[in-house]
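The values are calculated or read from the model by the stated rules, or taken from the named source; none is laboratory data. Computed from a predicted structure; not experimentally measured. Backbone-built Cβ (ideal geometry, glycine too); neighbour counts: all protein chains shown. The area values use the complete protein model at the heavy-atom level, side chains included, leaving out ligands, DNA and RNA. Shrake-Rupley method; radii C 1.70, N 1.55, O 1.52, S 1.80 Å.
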Amino acid sequence: MSDKTIKAPLPGTFYRQSDPNADPFVTEGDEVKPGDVVGLVEIMKSFHEVKSEDSGVVERFLVENEDTVEAGQDLAVLGG
Amino acid sequence: MRRVLIANRGEVAVRVIRACRELEIESVAVYSQADESALHVRQADHSINIGKAAARFSYLNPAVLIEAAQRSGADAVHPGYGFLSENAEFARRCHDAELIWVGPPAEAIELMGDKAAARKVAAQADVPIVPGTEGAVAPEQAFAAAERIGYPVMLKAAAGGGGKGIRVARDGDELKDCVTVAAREARAAFGDSALYLEKLLVTPRHVEIQVLADTHGNVIHLYERECSLQRRRQKLLEESPSPALDPGTRESMAAAAVRLAGAAGYTNAGTVEFLLDGTGAFHFIEMNTRIQVEHPVTEMVTGVDLVKEQLRIAAGERLAFGQEGISLHGAAIEFRITAEDPDADFHPSPGQITGLEIPGGPGVRLDTALYAGYTVPPFYDSLIAKLIVWGRDRQEAIARGRRALEEFAIDGIDTTIPFHLQILEHPGFRRGEYHTEYLTDLALG
């Protein structure tokens with residue numbers, strides 16, 4: 001079966017945590033449900049939540065914290 | 001001063017390049033990976049790549065900027081506005097690297113950036129301040145302080161900065177509820193429950209005074225800018241003169257700004273911000289120790305090129321004119337055009353400019369870094385253009401503003417041009433009767 005992915009809703013800078021000292025929203029191996037926040041995208045100095053649309057287990061992230069992302073880009077792979 | 005590095009991007013970088021060129025000073029642009037094809041890079045005499053798109057690696061990175069200045073042979077740094085422009089540490093590091101800082105001394109940036117210290121200097125210089133506590137008070141002292149200041153009051157953590165966690169109490173009962181929560185939050189966030197209280201001015205106007213000070217002790221003002229038209233504390237348009245000031249208040253506000261700049265040991269261009277309350281009394285809130293976004297409004301009504309004056313002052317020259325050489329002529333309005341969709345809660349709208357029609361004709365000025373085919377990157381501020389119009393009076397400026405906004409076409413992204421056209425039709429704006437909550441009250445914010 002094909003893997004599901006979590007995509008960037010907007011272009012900008014991707015963050016895996018709410019601030020530099022916080023824990024990541026999710027890490028590899030965590031289970032997520034639809035609507036769970038997995039990261040933030042900063043666009044024009046405003047922050048937008050990245051939410052999972054599916055249920056599953058986060059297998060791996062395809063981008064690093066603070067990477068530049070395009071709208072619609074795959075950010076993480078969901079398994080299970 | 002032969003070569004200036006501009007530690008900024010976008011329209012303000014282009015603005016500084018223009019001033020340099022007229023003074024026959026060479027310009028050095030810096031650019032992140034996202035800005036390789038930006039207009040400021042095309043227009044500068046030299047340009048240097050300063051790294052990754054995210055600002056903290058590039059435009060907010062003092063070490064990289066100073067290295068770029070040294071490598072390019074620049075002898076001065078102009079910080080523009082935003083980014084590191086009010087960072088005293090960066091100013092100091094430029095100075096230590098024997099680069100001329102086009103701005104005030106680091107000590108003045110620090111002094112005005114410290115709210116309690118700035119209020120103290122203002123009070124000593126006989127500049128009216130918003131009634132508040134002198135520094136921090138313990139939660140149990142808040143009630144006596146509020147009685148003295150008068151309700152409604154604003155309270156916030158004394159240790160915190162910015163607008164975060166501000167609470168409002170309209171009477172003693174509300175204060176009782178607020179104090180406990182605010183003190184707990186303050187302790188959780190900063191390890192200190194001390195609070196700061198200030199009188200909340202209801203529906204004030206935001207009026208600011210432009211000052212220029214040289215390094216020979218001369219301080220002058222260039223009158224006011226009215227900046228009350230705001231959305232969520234962000235200025236949308238500015239005008240000069242302010243429709244709210246009578247001649248007496250204008251003169252006393254301007255004189256207060258000059259006294260403050262003198263007392264702060266200020267040099268270069270700066271702005272003293274005031275709140276004007278319903279009774280016509282004004283209160284100092286803060287000083288911006290840099291050139292401001294809305295500076296063209298002042299340039300249009302005084303004829304003074306503020307950015308060229310900044311460069312001259314930084315080079316050690318005396319002001320070429322005294323106070324008597326400055327007069328207000330006509331009326332000017334600046335419209336801030338941002339890449340946001342006013343029909344979708346001002347959602348950011350970066351992307352490629354597929355078509356561009358620029359307004360022109362009498363009394364129209366456009367400060368922008370846009371060109372047809374340019375792609376507005378998602379990484380930085382959404383301000384993409386400033387349209388400034390001048391008229392012999394406010395009515396002519398408004399008519400011109402509408403005409404120029406209608407001529408202005410930016411295709412490919414959403415912008416706030418339609419929103420500005422809407423504002424110009426509002427009777428309150430037309431009458432010049434508006435305050436900082438005007439758009440919120442109209443449910444337009």
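Give me the orientation-averaged projected area of the Cα convex hull of chain B, in nm², one decimal.
Working: hull surface 83.5 nm².
Convex hull of Cα atoms, orientation-averaged projection: 20.9 nm².
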Sparse-neighbourhood loop hits (GluC sites (Glu not before Pro), region B:79-119; DSSP loop; Cβ within 10 Å at most 15 others) -> B:GLU98
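Mean separation of Cα pairs under 8 Å and 6+ residues apart, divided by the residue count of chain A: what relative contact order is that in percent?
42 percent
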Rounded to a whole %, the carbon-and-sulfur portion of the accessible area of region B:3-102 at a 1.4 Å probe is 44 percent
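What accessible area per residue comes out for chain B, rounded to a whole number of Å², with a 1.4 Å probe?
Details: 17890 Å² over 445 residues.
Dividing the accessible area of chain B by its residue count gives 40 Å².
How large is Rg over Rh for region B:131-199, taking Rg from the Cα atoms and Rh as the Kirkwood inverse mean of 1/r across Cα pairs? Don't skip to the answer; put the middle values down first.
Numbers: Rg = 10.4 Å, Rh = 11.4 Å.
Here the Rg-to-Rh quotient is 0.91.
Report the gain in length on full extension from B:THR440 to B:PHE57: 0.36 nm times residue separation, minus Cα-Cα distance, nm rounded to one decimal.
On the way: separation 383, 0.36 × 383 = 137.88 nm, distance 3.63 nm.
In short, 134.3 nm is gained.
Probe radius 1.4 Å, ligands and nucleic acids left out: can you give me the accessible area buried at the B-A interface, summed over both chains, in Å² to the nearest hundred? Walk me through the numbers on the way to the answer.
Details: alone 18390 and 4910 Å², together 22270 Å².
Answer for the B-A pair: about 1000 Å² buried.
Using unit Cβ charges (K, R positive; D, E negative) and no other charged atoms, how large, in debye to the nearest 20, is the dipole of chain B about its Cα centre? List each step's numbers first, then the result.
Working: 46 positive and 62 negative charges, 79 e Å.
Its charge dipole is roughly 380 debye.
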Bounding extents of chain A in its principal axis frame from Cα atoms, largest first in Å, are 38, 26, 20
Inter-part gap, Cα centre of region B:324-359 to Cα centre of region B:263-296, in whole angstrom, is 22 Å
Here the convex hull volume per residue of region B:3-102, taken over Cα atoms and given in Å³, is 78 Å³
The rounded separation in angstrom of the Cα centers of region B:367-445 and region B:20-45 is 26 Å
Between the alpha carbon centres of region B:214-248 and region B:94-130 the gap in Å comes to 19 Å
Scoring chain B by relative contact order with C-alpha pairs under 8 Å, at least six apart, yields a percentage of 14 percent
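Taking each residue in B:48-56, count the Cβ atoms of any other chain within 10 Å of its Cβ, then average. What number comes out?
Numbers: counts 0, 0, 0, 0, 4, 5, 6, 3, 2.
Per-residue shielding by partner chains comes out at 2.
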Connecting every pair of Cα atoms under 10 Å apart in chain A and solving the GNM, the largest mean-square fluctuation among A:PRO24, A:PRO11, A:PRO34 falls on A:PRO34
With a 23 Å threshold on alpha-carbon distance, the violating pairs from B:LYS156/B:LYS199; B:LYS156/B:LYS386; A:LYS51/B:LYS156; B:LYS115/B:LYS308 are B:LYS156/B:LYS386; A:LYS51/B:LYS156; B:LYS115/B:LYS308
In short, region B:353-393 residues buried by 10 Å² or more of accessible area relative to the isolated chain (1.4 Å probe) are B:PRO378, B:PHE379, B:TYR380, B:ASP381, B:SER382
Heavy-atom accessible area of region B:138-207 with neighbours in place, 1.4 angstrom probe: carbon+sulfur share in percent works out to 52 percent
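Region B:205-441: Rg/Rh from Cα coordinates, Kirkwood Rh?
Working: Rg = 18.0 Å, Rh = 18.5 Å.
Looking at region B:205-441, the ratio lands at 0.97.
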Expressed as a whole number, the average count of other chain Cβ atoms within 10 Å around the Cβ atoms of B:104-115 is 0
The answer for region A:4-79, accessible area per residue at 1.4 Å probe in Å², is 52 Å²
Of every hundred units of 1.4 Å-probe accessible area on chain A, the number belonging to carbon and sulfur atoms, as a percent, is 44 percent
One would report the Cα pair-distance distribution of the protein assembly as shown, bin width 20 Å, in %, as 20, 53, 26, 1
Computed from every Cα-Cα pair in region B:188-282, P(r) in 10 Å bins starting at 0 and rounded to whole percents is 15, 39, 29, 14, 3
In terms of the charge dipole of the protein assembly as shown, which places +1 on Lys and Arg and -1 on Asp and Glu at the beta carbon, the residue among B:PRO139, A:VAL58, B:ALA122 farthest towards the positive end is B:ALA122
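Could you work out the helix-only [θ] at 222 nm for the protein assembly as shown, with each DSSP H run of four or more residues adding -39,500 (n - 2.57) and the total divided by the number of residues, to the nearest 500 deg cm²/dmol? Kindly include the intermediate steps, with their values, before the conclusion.
Working: 15 runs with 147 residues, N = 525.
After summing the helix terms and dividing by residue count, I get -8000 deg cm²/dmol.
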